[in-house]
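Undergrad: Quick one: the structure is below, and I'll ask about it shortly.
The values are calculated or read from the model by the stated rules, or taken from the named source; none is laboratory data. Here the structure is a predicted model, which is why all the values come from computation and not from measurement. Reconstructed Cβ throughout: ideal geometry from the backbone, glycine too, with neighbour counts over all protein chains shown. Heavy atoms of the whole protein, side chains included, go into the accessibility calculation; ligands, DNA and RNA do not. Shrake-Rupley method; radii C 1.70, N 1.55, O 1.52, S 1.80 Å.
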Amino acid sequence: MRDGDIMPSSIGHNSNDGALTMLSFLKRHAEPPRIGQIRLLNMFATLNQRELRVIDGLLHDRHYLQGEIVFDEGEEGQALYVVLSGRVLICRQGEPVTGWLAEIPAGALFGELALLDGAPRVAQARAAEDCVLAALSRADFTRLVEIHGAIASKIALQLARDLGQKLVAANFAKETRLL
């Protein structure tokens, strides 16, 4: 090195700084893991990346141990739940074996009617195994309607489509049982 030459480290970066800057940029812009899971759900399928980040900010993770009650039959519906890991059992109140109605796997959601009204839950939900659920409360959804109407409209439309499909499937199942 000649006298008067500026050493690269003396101006604030060296050859590794570029890589570190790129890594910190990527970390700041990496998709949170929950967004990858919720984007796969029909209810959120029409949302873009920015809209998914808004929803992700409204979700609250809740951890349940096997057998723990998520909500009871007859309880006012306060939130919908996305199963991030584990499984949830939907059953008649206090009858996890004989009153089995459905099992909700990781990557699915349940309790979506709670976004629309506070009607009493028609069944009990309990952790079939240790699980992590992301909850979207009716209060947060109501605020979403007021602040981000376009996002809420997309979700409501998908919710209506999904509920319509479930209604048609339930009616078809009922008719085939009668035959």
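Undergrad: Could you say whether any residue in region 66-74 is surrounded by 16 or more Cβ atoms within 10 Å (Cβ to Cβ), in contact with a Leu (Cβ under 8 Å, 6 or more places away or on another chain), in a loop (DSSP other than H, G, I, E, B) and aliphatic (A, V, I, L, M)?
TA: Checked region 66-74: no residue is surrounded by 16 or more Cβ atoms within 10 Å (Cβ to Cβ), in contact with a Leu (Cβ under 8 Å, 6 or more places away or on another chain), in a loop (DSSP other than H, G, I, E, B) and aliphatic (A, V, I, L, M).
Undergrad: Looking at region 86-95 only, could you name the residues that are open to solvent by less than 50 Å² (accessible area, probe 1.4 Å) and at negative phi?
TA: Result: Val88, Leu89, Ile90, Cys91.
Undergrad: Against the conditions (1) outside any strand (DSSP E or B); (2) open to solvent by 60 Å² or more (accessible area, probe 1.4 Å); (3) within 22 Å of Leu159 (Cβ to Cβ); (4) modelled with pLDDT under 95, where does Glu31 fall short? Just the number, please.
TA: It fails just one condition, (3).
Undergrad: Can you name the residue in region 128-161 that is over 17 Å from the mean Cα position of the chain (by Cα) and of a type in the set (Val, Ile, Thr) and is also least open to solvent (accessible area, probe 1.4 Å) among such residues?
TA: For region 128-161, the residue satisfying everything is Val145.
Undergrad: Going through region 113-127 one residue at a time, which ones are buried (at least 21 other Cβ atoms within 10 Å of the Cβ) and within 16 Å of Val82 (Cβ to Cβ)?
TA: The answer is Ala114, Leu115, Ala125, Ala127.
Undergrad: Against the definition (closer than 22 Å to Ile155 by Cβ and open to solvent by less than 50 Å² (accessible area, probe 1.4 Å)), how does Ala106 come out, yes or no?
TA: It is false that Ala106 is closer than 22 Å to Ile155 by Cβ and open to solvent by less than 50 Å² (accessible area, probe 1.4 Å).
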